[in-house]
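Here's the structure, in structure tokens; my notes come after.
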Amino acid sequence: MTNEEIREAIHAQQMKIQEILATSNNTFELNPDILKHKKNIDALRAECTHLNTNHEMQTFNGRCIYCGKHMG
């Protein structure tokens, strides 16, 4: 999986979390689906190389531009 594909997959997981939160009616209950999506994001971040096409680490505000992992 390329870093661009990882970015898209993480974004999809984040959108699923947002949908769950939007329909939760502010109940503040622990939702196992959110935990599942967060674990998927962590797995994708572990797979990311954090390198751009020039094989250089590229960050923005200390975070990988592809997966969002804090690099500091």
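The values are calculated or read from the model by the stated rules, or taken from the named source; none is laboratory data. For clarity, every value in this text was computed on a predicted model and none was experimentally measured. Heads up, the Cβs are rebuilt from the backbone with ideal geometry, glycines too, and the neighbour counts pull from every protein chain shown. All accessible areas refer to the heavy atoms of the entire protein, side chains included, with ligands and DNA or RNA removed. Shrake-Rupley method; radii C 1.70, N 1.55, O 1.52, S 1.80 Å.
Could you state the accessible area per residue of the chain in Å², with a 1.4 Å probe and every protein chain left in place? Show your work: numbers first, answer last.
Details: 5450 Å² over 72 residues.
Per-residue accessible area for the chain comes out at 76 Å².
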Reachable aspartates and glutamates from residue 16, Cα under 12 Å, same-chain residues fewer than 8 places away excluded? 33
Bin all alpha-carbon pair distances of region 1-68 at 5 Å intervals from 0 and give each bin's fraction as a whole percent. 3, 17, 23, 20, 14, 11, 7, 3, 1, 0
How high is the relative contact order of the chain, given as a whole-number percent (alpha carbon pairs under 8 Å, six or more residues apart)? 36
If you take every residue apart from residue 44 with its C-beta less than 11 Å away from the C-beta of residue 44, what net charge results, scoring Lys and Arg +1 and Asp and Glu -1? +1
Place +1 on the Cβ of every Lys and Arg and -1 on the Cβ of every Asp and Glu in the chain, take the dipole about the Cα centre, and give the residue among 50, 28, 9 whose Cα lies farthest towards its positive end. 28
For the chain, what % of the accessible area comes from carbon and sulfur atoms, probe 1.4 Å? 52
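If we count every other residue with Cβ under 12 angstrom of residue 34's Cβ, Lys/Arg +1 and Asp/Glu -1, where does the sum land?
Working: positive: 16, 36, 38, 39; negative: 19, 29, 33.
Residues near residue 34 contribute +1 overall.
Taking K and R as +1 and D and E as -1, what net charge do the other residues with C-beta under 12 Å from the C-beta of residue 11 add up to?
Charge balance near residue 11 sits at -1.
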